[in-house]
Amino acid sequence: MSRRTWLAAAAATPLLSGCFWPRFFDLSWDEEVQLHDGRVIVVKLKYTYERLGASFKRYIPSILRATEISFDAGEPIGRFTQVFQKHRVVVFERLNNKWYFLLETRGAPQILKTDAGYQEEWGSSENSSGHKCWSLGEGGLMRAFINELSDDALKVNILMDYANAEELAEFGGTRVTLARKALYAQKYPLDPPHMRIQRPQLVLHPSK
């Protein structure tokens with residue numbers, strides 16, 4: 001093989017192996033979120049994706065691996081930023097002087113080793129859809145429960161990733177208004193069972 005042929009083959013290798021793009025990439029934007037009481041809050045969202053296998057496409061195939069949410073929580077907390085590995089924020093709300101995050105697991109849950117044994121990061125799910133709840137108040141971020149929220153605060157209000165990452169990338173670096181979210185929801189409507197978060201099912205144990 002001549003030197004020129006070898007150099008051409010070496011240059012083509014990253015493209016053929018799918019290494020032209022890094023393994024992980026981020027999509028981020030500022031999003032208007034309407035709370036149950038009508039207020040509109042702007043939050044910054046950053047989604048980290050992992051590319052799956054070799055591909056000449058920039059964004060697909062890929063899978064969501066982490067969600068970062070950042071917003072002004074007001075006094076005394078100020079600017080708050082949190083990363084949720086293997087989860088997606090589907091509801092962001094404000095009740096009883098606390099901010100609430102309803103999370104949805106994505107993929108296999110992250111399992112951590114603790115003093116109490118192996119536990120799922122961000123706690124166990126409360127319903128069959130893999131949802132769990134956390135709150136933010138003056139005491140910091142704490143585990144909460146879906147039943148702490150009123151019915152009108154259980155409606156999904158974060159733009160969902162029903163489209164693939166290649167289409168979602170069009171939102172990157174922009175402000176996603178309520179109007180843009182409404183158009184997206186018309187194109188990718190949520191199924192009725194997924195429009196509102198399911199409350200935990202009460203399990204009754206027979207008396208002994």
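For the stretch 17-191, what relative contact order do you get, as a whole percent, if you take Cα pairs closer than 8 Å and at least 6 residues apart?
On the way: 307 pairs, mean separation 36.1, N = 175.
That works out to 21 percent.
About its Cα centre, the dipole of the chain is roughly 780 debye, where the only charges are +1 on Lys and Arg Cβ and -1 on Asp and Glu Cβ. Label positions at ARG196 and GLU50, each projected 7 Å from the Cα along the C-beta direction, are separated by 3.6 nm. Would you mind checking the stretch 93-116 for residues with the amide N under 17 Å from a putative spin-label position 7 Å along Cα→C-beta of LYS155? Flagged as within label range: 93-95, 102. Here's the picture: charge each Lys and Arg Cβ at +1 and each Asp and Glu Cβ at -1 in the stretch 74-162, and of PHE80, ALA144, ALA108 the one pushed furthest to the positive end of that dipole is ALA108.
Estimated purely from DSSP H runs of n ≥ 4, each contributing -39500 (n - 2.57), the mean residue ellipticity at 222 nm for the chain is -4500 deg cm²/dmol once divided by its residues. With both residues required to sit in the chain, DSSP beta bridges show an antiparallel share near 95%. Computed from label points 7 Å out along Cα-Cβ, the spacing between GLU166 and GLU148 is 4.1 nm.
Determine the gain in length on full extension of the stretch ASP37-TYR188; use 0.36 nm per residue of separation and subtract their C-alpha separation, reporting nm with one decimal. Please list the in-between numbers first.
Working: separation 151, 0.36 × 151 = 54.36 nm, distance 2.49 nm.
Contour length minus the Cα-Cα distance gives 51.9 nm.
Would you mind checking LYS98/LYS187; LYS57/LYS155; LYS57/LYS181; LYS113/LYS155; LYS57/LYS187; LYS57/LYS113 for any pair whose Cα atoms are more than 27 angstrom apart? Flagged as over cut-off: LYS98/LYS187; LYS57/LYS155; LYS113/LYS155; LYS57/LYS113. Using only Cα atoms and rounding to the nearest 10 degrees, what angle (0 to 90) does helix 178-187 make with the longest principal axis of the chain? Helix 178-187 sits at roughly 70 degrees to that axis. Extension gain for ASN97-PHE20 works out to 23.0 nm (0.36 nm per residue, less the C-alpha to C-alpha distance). Output the 0 to 90 degree angle, nearest 10, between the alpha-carbon long axis of helix 3-17 and the longest principal axis computed from the alpha carbons of the chain. The angle comes out near 20 degrees. Of the GluC sites (Glu not before Pro) found in the stretch 130-203, those that fall in a DSSP loop while having at most 14 other beta-carbon atoms within 10 Å are GLU138. Using only the alpha-carbon atoms of the stretch 44-166 as identical scatterers, what base-10 log of I(q)/I(0) does the Debye formula give at q = 0.11, 0.13, 0.19 Å⁻¹? At q = 0.11, 0.13, 0.19 Å⁻¹ the computed log10 ratios are -0.42, -0.58, -1.13.
Please report the equivalent ellipsoid semi-axes of the chain, computed as sqrt(5 x eigenvalue) of the Cα gyration tensor, largest first, in whole Å.
Working: eigenvalues 273, 96, 60 Å².
Each semi-axis is √(5λ); the values are 37, 22, 17 Å.
Candidates TRP122, TRP21, PHE171 compared by Cα position along the dipole of the chain: farthest toward the positive end lies TRP21, with charges placed on Cβ.
Multiplying the residue separation of LYS57 and GLU75 by 0.36 nm and removing their Cα-Cα distance gives an extension gain of 2.1 nm.
With a/c under 1.5 counting as rounded, go ahead and sort the stretch 98-197 into rounded, prolate or oblate using the C-alpha gyration tensor (a ≥ b ≥ c being the square roots of the eigenvalues; past the cut-off, prolate if a/b is larger than b/c, else oblate). Taking the square roots of the gyration eigenvalues as a ≥ b ≥ c, the stretch 98-197 is prolate.
No lab work stands behind these numbers, since they all come straight from the coordinates. From a predicted model like this one, the values you see are computed outputs, not experimental measurements. Backbone-built Cβ (ideal geometry, glycine too); neighbour counts: all protein chains shown.
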